[in-house]
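Take a look at the structure set out below.
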Amino acid sequence: MEKPEDAEATVEFAKKTYGGLHLAFNNAGIVGAEKHVDGLTPEEWNSVININLNGVFYAMHYQIPAILASGGGAIVNTSSIAGFIGIENLSHYCASKHGVAGLTKAASIEFGCKGIRINSLHPGYILTPLIAQWTDTELKDTLIGLHPCGRLGEPKEIAEVACFLLSDKASFMSGSQVVVDGGFLTV
């Protein structure tokens, strides 16, 4: 979410529609321009940071009081494998995803004792419509080759892990960084 008022409106909608808020999955993000740090414009930098990191902050800023008022719950924030590593020409993306991981850990400490579990999810390359539309077979093959399991992930696989983290089955998980990457980070 680019604007705090969008996050606030989303939480208010959930409260009015469902009578409260117990669970939240913050999953928005963009990659942005692919350039070296010295080639990024401040606008390109700010665009990625604003959506990927500030958007998660805005969402949690309004979600947490609503979840507390509803008696507790869980939040999952999508980071990325880029929340652990650097990727050439994507410094702004990596910085934003490292930031989501840090924000998640800090918030999990602040609100774990108050009944809110907060975890981050770190996907590898997922076969989303963005990647599916790429016509460069060599690039797709390169991406597949970065995953020891020999394929890209499916959106459903990420959704299933998010659902687990939001469920009572993950009741002792908070501040965790859950990697779903087909082995990408093990290489």
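The values are calculated or read from the model by the stated rules, or taken from the named source; none is laboratory data. Worth saying up front: this structure is predicted, and the values here are computed from it rather than measured. Note: ideal-geometry Cβ built from the backbone for every residue, glycine included; neighbour counts use all protein chains shown.
Some notes on this structure:
- Scanning segment 172-186 for residues that are more than 12 Å from Gly145 (Cα to Cα) and either at pLDDT below 95 or of a type in the set (Phe, Trp, Tyr) (or both) turns up Phe172, Thr186.
- Scope segment 126-157; condition among the hydroxyl-bearing types (Ser, Thr, Tyr), over 14 Å from Phe184 (Cβ atoms) and not in a loop (DSSP other than H, G, I, E, B); matching residues: Thr137
- Selection from segment 160-174 of residues that are surrounded by 15 or more Cβ atoms within 10 Å (Cβ to Cβ) and assigned to a loop (DSSP other than H, G, I, E, B): Met173, Ser174
Results for (1) within 21 Å of Leu23 (Cα to Cα); (2) of a type outside the set (Phe, Trp, Tyr); (3) touching a Phe, Trp or Tyr at 6+ places or on another chain (Cβ under 9 Å), shown as yes or no for each residue.
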| position | (1), (2), (3) |
| --- | --- |
| Ala82 | no, yes, yes |
| His98 | no, yes, yes |
| Thr128 | no, yes, no |
| Val178 | yes, yes, yes |
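- Test for Glu110: is it among the acidic types (Asp, Glu), touching a Pro at 6+ places or on another chain (Cβ under 9 Å) and at pLDDT 95 or above: no
- With respect to being closer than 29 Å to Trp45 by Cα, without any contact (Cβ under 8 Å) to a residue 60 or more places away in the chain and of a type in the set (Val, Ile, Thr), Ile85 falls outside the description.
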